[in-house]
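These notes are about the structure you will find just below.
Each reported figure results from applying straightforward, stated rules to the coordinates on display, with no laboratory input. Source: prediction; values computed, not measured. Positions of Cβ are backbone-derived with ideal geometry, glycine not excepted, and every protein chain shown enters the neighbour counts.
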């Protein structure tokens, strides 16, 4: 009878430890996923703000000027040659009147 009780208690303890380990692993995974969700929600908010900014005509124009280097037809681009200490090729935009 004692041997049967000892085997039962050992099996119960092992089962408990395995379950406890599984729960701890799942809790760790839950924390990791919650952190990832927070990061993605933050990125989503930033992307929505960018979308709102670049959805306006002014935003589209700014994007075209900054990233694509586009100018309006009535504008003239003047490239200046700078001193050796400064970077060469900076552009200035002037309007023809």
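Quick rundown of the values:
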quantity: Fewest-first ranking of 2, 8, using other Cβ atoms within 10 Å as the exposure measure; calculated: 2, 8
quantity: The chain - percent relative contact order, Cα under 8 Å, separation 6 or more; calculated: 13
quantity: Mean ellipticity per residue at 222 nm, deg cm²/dmol - from DSSP H runs of n ≥ 4 across the chain, formula -39500 (n - 2.57); calculated: -24500 deg cm²/dmol
quantity: Rg/Rg_ref, region 2-55, where Rg_ref = 2.2 N^0.38 Å and atoms are Cα; calculated: 2.32
quantity: 0 to 90° range, to nearest 10: angle between helix 57-68 axis and the chain longest Cα axis; calculated: 90
quantity: 0 to 90° range, to nearest 10: angle between helix 2-54 axis and the chain longest Cα axis; calculated: 10
quantity: Rg/Rh ratio calculated on Cα atoms of the chain (Kirkwood radius); calculated: 1.59
quantity: Separation of alpha-carbon centers, region 1-42 and region 45-81, rounded to whole Å; calculated: 54
quantity: Full-extension gain in nm, residue 72 to residue 24, via 0.36 nm per residue minus C-alpha separation; calculated: 11.1 nm
quantity: When region 35-85 is reduced to its Cα atoms, the Kirkwood hydrodynamic radius in Å; calculated: 14.0
